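Some notes on the structure that comes next.
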Amino acid sequence: MAFGPQEGIATIGRFQNWVVRVLDSENRPVYPARIGLNGGMPGHGHGLPTQPQVTTYLGSGRCLVEGMKLYMAGDWLFVLALETPSTKDRVTFEVMVDYRV
Ligand SMILES: [Cu+2]
């Protein structure tokens, strides 16, 4: 599974679309029945400032996540929980966001 900003780079303080890509163990795209997203900054003790939603299946195992808004630099944690008809999985992404452009 891969997860990152659709524009390729994370920005701070504005809404962005992110894309999650799900592949099975043989690298075949997976069309997830459901994806839940949670997260925050464990080091700061807060969660996500918004409630991002997976809105659109883009094809090739990729799904659009709308409503991401990171409002500070630092270490973010994202937990994606996905369900398909045959399985459930949960993946954690640690993302370090800094001010460099
Ligand atoms: Cu924080």
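The values are calculated or read from the model by the stated rules, or taken from the named source; none is laboratory data. Fair warning: this is a prediction, and the values are worked out from it, not measured in the lab. Neighbour counts run over all protein chains shown; Cβ positions are idealised from the backbone, glycine included. The protein model used for the area step is the full one, side chains on, heavy atoms only, and it has no ligands, DNA or RNA in it. Shrake-Rupley method; radii C 1.70, N 1.55, O 1.52, S 1.80 Å.
Overall, the accessible surface of segment 2-97 at a probe of 1.4 angstrom is composed of carbon and sulfur to the extent of 47 percent.
Here the 3J(HN,Hα) profile of segment 15-21, calculated from phi with Karplus coefficients 6.51, -1.76 and 1.60 at θ = phi - 60°, is 5, 9, 8, 10, 10, 10, 10 Hz, Gly and Pro shown as x. Which is the longest stretch in the chain that no exposed loop site breaks, taking sites as chymotrypsin sites (Phe, Trp or Tyr not before Pro) with a DSSP loop state and at most 16 other Cβ atoms within 10 Å? Longest run free of exposed loop sites: 16-70.
Amide H contacts of GLN6 (H built 1.01 Å from N, in plane; Pro and chain starts excluded): ASN17, TRP18, VAL19 sit under 5 Å, all sequence-distant by 5 or more or on other chains. Take the alpha carbon gyration tensor of the chain, find the square roots of its eigenvalues, order them as a ≥ b ≥ c, and report rounded if a/c is under 1.5; if not, report prolate when a/b exceeds b/c, else oblate. Since a/c reaches 1.5 and a/b is larger than b/c, the shape of the chain is classed as prolate. The residues of the chain expose on average 62 square angstrom of accessible surface per residue, using a 1.4 Å probe on protein heavy atoms.
For the chain, which longest stretch is free of loop sites, where a loop site is one of the trypsin sites (Lys or Arg not before Pro) that DSSP puts outside H, G, I, E and B and that has at most 12 other Cβ atoms within 10 Å? My reading of the result: 15-99 is the longest stretch. Extension gain, ALA33 to TYR99: 0.36 nm times the residue separation minus the Cα-Cα distance gives 20.2 nm.
Annotation for ARG90 and GLU66: the two label points, set 7 Å from Cα along the Cα-Cβ direction, are 2.8 nm apart.
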